[in-house]
Amino acid sequence: MNVQVAYCSHQTTPLALRERLAFASLEQLTRAYETLRATFPKSEHVVLSTCNRVEIYAAQDESNPPLTQEQVADFLSRFHGVSQNDLGGALLWQKGPEAVRHLFEVASSLDSMVLGEPQIVSQVKEAYRVAQENDACGPLTHALFQGAMRVSGRVRSETALAVGRVSVASVAVGEFGKSIFDRFADKTVVVIGAGEMAEETLRYLKDEGAHSIVVVNRSLERAERLAAQWGGTARPFEELDTWLAQADVIVSATGAAEPIVDVKRFQAARAASDGKPVFILDLATPRDFAPAAADIDENVFLYDIEALQATCDQNRRQRVREIERARRIVEEETERFLHDIYHKATGPIISQLRAGWRKVCQDELGQLFSKYDRLDAEERKGIERTVERIVNKLLHPPLEALRDEARKGTPHGLVEALKRLFFTGQ
Amino acid sequence: MANVHVFCFFASYVVALALEGLAVARRSTALRSLGLGFAVAGLVAHTFYLVARSSAADLPPLLSSSRDWLLVLAWLAVVFDLTLSTMLSLVGRSVPMGLFLLPVVLLLIGASDLVGGATSAAMSGATDAVRRGAEERALRSWGMLHASLLVFGIAGVIIGFLLSIMYVVQHRRLKHPHDVPITLSLPSLATLARLNWWSVIISFPLLTLGMLTGIRLVYLSRHTQGPISFSDPLVVGSGLVWLLMVGFLVWLLRSDHVGGKQVALRTIWAFGLVLVTLLGLQVLFNGHTSAPVHRSAGSADPSRAAEVEEAARQ
């Protein structure tokens, strides 16, 4: 089977080079497919280009020669204007079963920067769709990419590789926030400070529908900048107590050396509120909230960076434990895929053999029955069954040998030998 | 259909519960799907069993015996489990509802084995009686209404009870993130509180209407040979349970600033007491009754209506 992949990923290639090799826009991809088609007209192609990897899959039927690493490197070099020197050893190469396994691992997110992240499946699907739109796919790449989707689905459903979030902001919003509230659209989010971590958390909150955002900061100017960026309003630091009472979600990430909200201050804020649940993310180091503030009442849910990090680590460990199971699925599916492909290659010869032998039997039985016309229907059936059993027993060893060989690859030699031995090639 | 036994669906639910537990421990969606499959298989067998029982007794399951009535309750709990699980999975949440609901289902099926299922012999006679007169027909209709209202009301109580347990577990998980396994995914506190509130709001009127239709049954049974008494322990117990529900509802409606956890804890106590009382009364005062005996139409036992019919036949 002729399948090859040339690739560079976050594991082997620096970002600077990946950026140069990336197919950043749809127009660029369309042009790439045009060039590939013109350069390698007998080959099927799929280009997968994400921020973490650039991969070119190629496949050809048995009658056409496979592509070489140099040919693909040359294409990339010319297309992107990157010298072969710069490309150096960055472009990795796999072919045959290894190329299939590589795609299955990529689609299952086993090769991702964040193990188990779900975006890669959509990216693989999208790459396949674009390739189809550009008439770059054929029977082999169709089977290959549909197989990749199936493997990815199996890994997702049969392992916990994609379960649990692994970044602090996503854990905070996705695991804790969403376990408290149904939705964030009607919640008031108060951001204290304007740190980078607060920004990332705001992104997740916005994705969940939060739109009432108030930024409180000692520097009103910085607060205004952050508020403008996220469609919120900036308030002076003096109003902090008012907003502590009104907030449903508090994201605190100041650079203060001491806690800015002690128990007494927060108790006063809770007294001024109606006792509604409040979800506090204290992302500052040192902490902005006194830890004892969590015990003021049962509706205060306070998480500091340590608690969030511990959950991330727990999720990450859980994912790592799943790698072996995921790899087993990939292995199983790779074998199945190869078997199906090789079976398709040997299928016609098996059918030919069976049909040929059956025809000989029918001819001979016809002659026999015309000679012995006193045989009744029951006796004729008995003879037919015996002859069929003999044929099956005689055909069994060569067909088994063919199946065994097909597990290792298309058995060209054996197929040819069978054709010549049994005259099926005529 | 006639070959379906209680053991078939009981065993299916046990397997479904075990798989749900394993799925949570291993975070396996495949195990969870398999567990749901067993629950569905159990539900199908459960349905066949109730239909077969109903056909044999020529009465709806709610009227044929206390045993069938408890099995209907268990059936409703499984339907709720599967419906909510499906709805949550449609919005991308995999919540192990069965882990909470299936133990109750198994308990109800177990309890059904302890209460009387022997009324079926009298049911054909009761049906004859029904065919005979308008009064008996009215008795049967009111009996059916009484039983339906109570069974849905108690299903609401069971669901509220379980939602409150889930609330407390989720609250503990959020307050102490590393005490409860992270593999246990539950609905948000807001969802649980809302569903719990609705379970109270829906089950209370159903139970109240169930009580009122029970009083009507007492009135209808006054000319029968076995008039229903208000001093029957089932009636007294049911009345007390209803008063408890009234008290709880008043507290709930008047508590504006009470935390969700407090509401959940009180729901657990109140609904737990309701369930223990109602199921306990069933087992204690009905489980060993093979002959239909009049006690009360206002009781929590819907099969009482069938017994009334039996008395009318005599």
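The values are calculated or read from the model by the stated rules, or taken from the named source; none is laboratory data. Model, not experiment: these values are computed from the prediction. Neighbour counts run over all protein chains shown; Cβ positions are idealised from the backbone, glycine included.
Taking segment B:147-204 as the search range and keeping residues that are farther than 20 Å from B:W251 by Cβ and of a type in the set (D, E, K, R), which one is surrounded by the most Cβ atoms within 10 Å (Cβ to Cβ)?
Filtering first and then ranking leaves B:R173.
Which helices (runs of 4 or more DSSP H) does segment B:1-111 wholly contain that include 2 or more residues that are under 30 Å from A:G153 (Cβ atoms) and away from chain A (no Cβ under 14 Å)?
Answer list for segment B:1-111: B:6-26, B:29-57, B:66-90.
Exactly one of (1) aromatic (F, W, Y); (2) under 30 Å from A:T242 (Cα atoms); (3) outside any loop (DSSP other than H, G, I, E, B) is unmet by A:F184. Its number?
Among (1) aromatic (F, W, Y); (2) under 30 Å from A:T242 (Cα atoms); (3) outside any loop (DSSP other than H, G, I, E, B), the lone unmet condition for A:F184 is (3).
Under the condition of being over 29 Å from the mean Cα position of the chain (by Cα) and among the small types (G, A, S), which residue from segment A:171-208 is nearest to the other protein chains (Cβ to nearest Cβ)?
Within segment A:171-208, the match that is nearest to the other protein chains (Cβ to nearest Cβ) is A:A185.
Would a scan of segment B:201-216 turn up a residue that is touching a helix residue (DSSP H, G or I) at 6+ places or on another chain (Cβ under 6 Å), of a type in the set (S, T, N, Q) and within 14 Å of another protein chain (Cβ to nearest Cβ)? Please lay out each step first, then the result.
Taking segment B:201-216 and keeping what is touching a helix residue (DSSP H, G or I) at 6+ places or on another chain (Cβ under 6 Å), we get B:202-204, B:206-207, B:209-211, B:213-214, B:216.
Applying the additional criterion that residues be of a type in the set (S, T, N, Q) yields B:203, B:213.
Restricting the remaining residues to those that are within 14 Å of another protein chain (Cβ to nearest Cβ) gives none.
No, segment B:201-216 has no match at all.
Within segment A:187-232, take every residue that is touching a strand residue (DSSP E or B) at 6+ places or on another chain (Cβ under 7 Å) and among the hydroxyl-bearing types (S, T, Y) and give me the one that is farthest from A:K276 (Cα to Cα).
Looking at residues that are touching a strand residue (DSSP E or B) at 6+ places or on another chain (Cβ under 7 Å) and among the hydroxyl-bearing types (S, T, Y), I get A:T201.
Kindly list the number of the only condition in (1) buried (at least 24 other Cβ atoms within 10 Å of the Cβ); (2) without any contact (Cβ under 8 Å) to a residue 12 or more places away in the chain; (3) not polar (S, T, N, Q) that fails for A:D182.
Here A:D182 clears every test but (1).
Every residue, every condition in (1) surrounded by fewer than 16 Cβ atoms within 10 Å (Cβ to Cβ); (2) within 12 Å of chain B (Cβ to nearest Cβ); (3) in contact with a helix residue (DSSP H, G or I) (Cβ under 8 Å, 6 or more places away or on another chain); (4) of a type outside the set (K, R), yes or no:
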residue	(1), (2), (3), (4)
A:A290	no, no, yes, yes
A:I296	no, yes, yes, yes
A:Q309	yes, yes, yes, yes
A:C312	no, yes, yes, yes
A:Q318	no, yes, no, yes
A:I323	yes, no, no, yes
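Kindly list, by first and then second residue, each pair from a residue in segment A:349-374 that is over 23 Å from A:A401 (Cα atoms) to a residue that is loosely packed, with under 12 Cβ neighbours inside 10 Å, limited to pairs with Cβ atoms under 6 Å and residues at least 6 apart or on different chains.
none
How about segment A:188-210: which of its residues are surrounded by fewer than 23 Cβ atoms within 10 Å (Cβ to Cβ) and assigned to a loop (DSSP other than H, G, I, E, B)?
Answer for segment A:188-210, where residues must be surrounded by fewer than 23 Cβ atoms within 10 Å (Cβ to Cβ) and assigned to a loop (DSSP other than H, G, I, E, B): A:G195, A:E208, A:G209.
Name the one entry in B:L186, B:L192 that is within 14 Å of chain A (Cβ to nearest Cβ) and closer than 13 Å to B:G260 by Cβ.
Working: B:L186 fails: closer than 13 Å to B:G260 by Cβ.
One residue alone meets the criteria, B:L192.
Exactly one condition in (1) surrounded by fewer than 22 Cβ atoms within 10 Å (Cβ to Cβ); (2) within 24 Å of the chain's Cα centre (by Cα) is false for A:R37; which is it?
(2)
Does at least one position in segment A:140-151 carry a residue that is touching a Ser or Thr at 6+ places or on another chain (Cβ under 9 Å) and under 21 Å from A:Q309 (Cα atoms)?
Start the filter on segment A:140-151 by keeping residues that are touching a Ser or Thr at 6+ places or on another chain (Cβ under 9 Å), which leaves A:147-148, A:151.
Then drop every residue that is not under 21 Å from A:Q309 (Cα atoms), which leaves none.
No, every residue in segment A:140-151 fails to be touching a Ser or Thr at 6+ places or on another chain (Cβ under 9 Å) and under 21 Å from A:Q309 (Cα atoms).
Looking only at residues that are surrounded by fewer than 23 Cβ atoms within 10 Å (Cβ to Cβ) and modelled with pLDDT of 90 or more in segment A:148-170, which one is farthest from the other protein chains (Cβ to nearest Cβ)?
The residue in question is A:M149.
If I filter segment A:31-51 down to residues being part of a helix (DSSP H, G or I), in contact with a His (Cβ under 9 Å, 6 or more places away or on another chain) and more than 21 Å from A:T13 (Cβ to Cβ), which single residue comes out as modelled with the highest pLDDT?
First, pick out the residues of segment A:31-51 that are part of a helix (DSSP H, G or I): A:31-39.
Now drop any that are not in contact with a His (Cβ under 9 Å, 6 or more places away or on another chain), which leaves A:32-33, A:36-37.
Imposing the further condition that a residue be more than 21 Å from A:T13 (Cβ to Cβ) reduces the set to A:33, A:37.
On the way: A:Y33: 96, A:R37: 93.
Among residues in segment A:31-51 that are part of a helix (DSSP H, G or I), in contact with a His (Cβ under 9 Å, 6 or more places away or on another chain) and more than 21 Å from A:T13 (Cβ to Cβ), the one modelled with the highest pLDDT is A:Y33.
Residues in segment A:252-263: is at least one buried (at least 20 other Cβ atoms within 10 Å of the Cβ), more than 11 Å from chain B (Cβ to nearest Cβ) and among the charged types (D, E, K, R)?
Within segment A:252-263, not a single residue is buried (at least 20 other Cβ atoms within 10 Å of the Cβ), more than 11 Å from chain B (Cβ to nearest Cβ) and among the charged types (D, E, K, R).
Looking at the structure I just gave you, is A:E105 under 30 Å from A:Q318 (Cβ atoms) and without any contact (Cβ under 8 Å) to a residue 12 or more places away in the chain? It would help to see each step written out before you state the result.
Values: under 30 Å from A:Q318 (Cβ atoms): yes; without any contact (Cβ under 8 Å) to a residue 12 or more places away in the chain: no.
Against the criterion (under 30 Å from A:Q318 (Cβ atoms) and without any contact (Cβ under 8 Å) to a residue 12 or more places away in the chain), A:E105 does not qualify.
Check every one of the helices (runs of 4 or more DSSP H) wholly within segment A:52-114 and list those with 3 or more residues that are farther than 21 Å from A:T39 by Cα and at pLDDT 95 or above. Lay out the reasoning, then the answer.
Working: elements: A:69-80, A:84-87, A:97-107.
So the answer is A:97-107.
With the checklist (1) more than 14 Å from chain B (Cβ to nearest Cβ); (2) touching a helix residue (DSSP H, G or I) at 6+ places or on another chain (Cβ under 9 Å) in hand, flag the one item A:G138 doesn't pass.
Every condition holds for A:G138 apart from (2).
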